[in-house]
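Bear in mind that the values in this text are calculations on the coordinates, not laboratory data. Computed from a predicted structure; not experimentally measured. Quick reminder, even Gly has a Cβ in these numbers, built from the backbone with ideal geometry, and neighbours come from all protein chains shown.
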Amino acid sequence: MPALTEIIKRDVLNGTLPRFLYKYRQIDTTLERIISDSSLWFADPLSFNDPFDCQIQPDTQNTIKEIKDYISKASPGISEPEINKIVKSISDDPDYWPSTLEKIIKKSISSKGICCFASHNLSVLMWSHYANCHKGISMKFDVTLDLDFFVHPIKVNYSNDYPVYNHIRDNKNLIKLLIQNKSSIWNYEEEVRILKDKVGANYFKKEALVEITFGSNCPDDDMKRIRKLMLSNGYDNTIFMRAKTSKVKYSLEFEKF
């Protein structure tokens, strides 16, 4: 079985995953830390700004046999009387199983760290929302130059409906279902999420940060300061670009800075 990094490389080559991923940032002390430490923060998914994000509609319709089999596998060594006691609790209290599932789901998702990227830096909305009204930057990463950092990549699916999840039948897909699905109102983000096993900072290779683009409203002093900070921290191969508003249509154009 090929290593995960080889699978990512294959998916980039065949177009299943984009080769370049973009991180929009405002210019602040956090950005300066990202540059000096060459690290990005992988956040607790339950801290995201969308209250529907990483939520799921649990399907609790399971047979008694399914529930017994699940308990036996989840808790090896548990006795038959103990299993019957749990099953009775589920039968007697309609809220028991849904509330138990809610705890399981929250515990599973909050143990992971996620860093969110866009598939391009052309979105006027993204610049407005995540780069301080075009005063910030976009960071362009080449996935192929740091495959270890970009494990595991998950392309977000957009829909008007929650995914439905049955914990007993679908528990192997829980994390993917939670992370991969968002409301269709966010589809302009064209998001790719990188999943790690815990919340916290993860270090990327400096050569993977191949381009910095300054927003169309970015002050000259900020551009010069960030460029100087990049060069003094060893980002020797990073290209610097600047966004401009088009004179003929509602879009951005780019030039070297």
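Taking amide H as placed 1.01 Å from N in the peptide plane, the amide H of G113 sits under 5 Å from that of K196, D197, K198, V199, each at least 5 places away or on another chain.
Residue exposure proxy: L13, L122, ordered by other Cβ atoms within 10 angstrom of their Cβ from fewest to most, comes out as L13, L122.
Taking the DSSP bridge list for segment 113-257 and keeping only pairs wholly inside it, about 75 percent are antiparallel. Close amide H contacts of E191 (hydrogens built in the peptide plane, cut-off under 5 Å, sequence separation of 5 or more or a different chain): V156. Near G234: Cβ cut-off under 14 Å, other residues only, Lys/Arg at +1 and Asp/Glu at -1. The net charge is +1. With an a/c value of 1.5 or above and a/b not larger than b/c for the gyration tensor axes a ≥ b ≥ c computed over the alpha-carbon atoms, segment 58-108 is described as oblate. Counting beta carbons within 10 Å around each of F150, F240 and listing the fewest first gives the order F240, F150. Among Y70, Y24, the ranking by other beta carbons within 10 Å of each residue's beta carbon, starting with the fewest, stands as Y70, Y24. Each stretch of four or more DSSP H residues adds -39500 (n - 2.57); spread over every residue of the chain, this sum gives -10000 deg cm²/dmol at 222 nm.
What does the charge count around D142 come to, taking other residues whose C-beta lies under 10 Å from its C-beta (Lys +1, Arg +1, Asp -1, Glu -1)? Net local charge, D142 excluded: 0. Of the cross-linked pairs K106/K135; K73/K198; K103/K196, those separated by over 29 Å at the C-alpha level are K106/K135.
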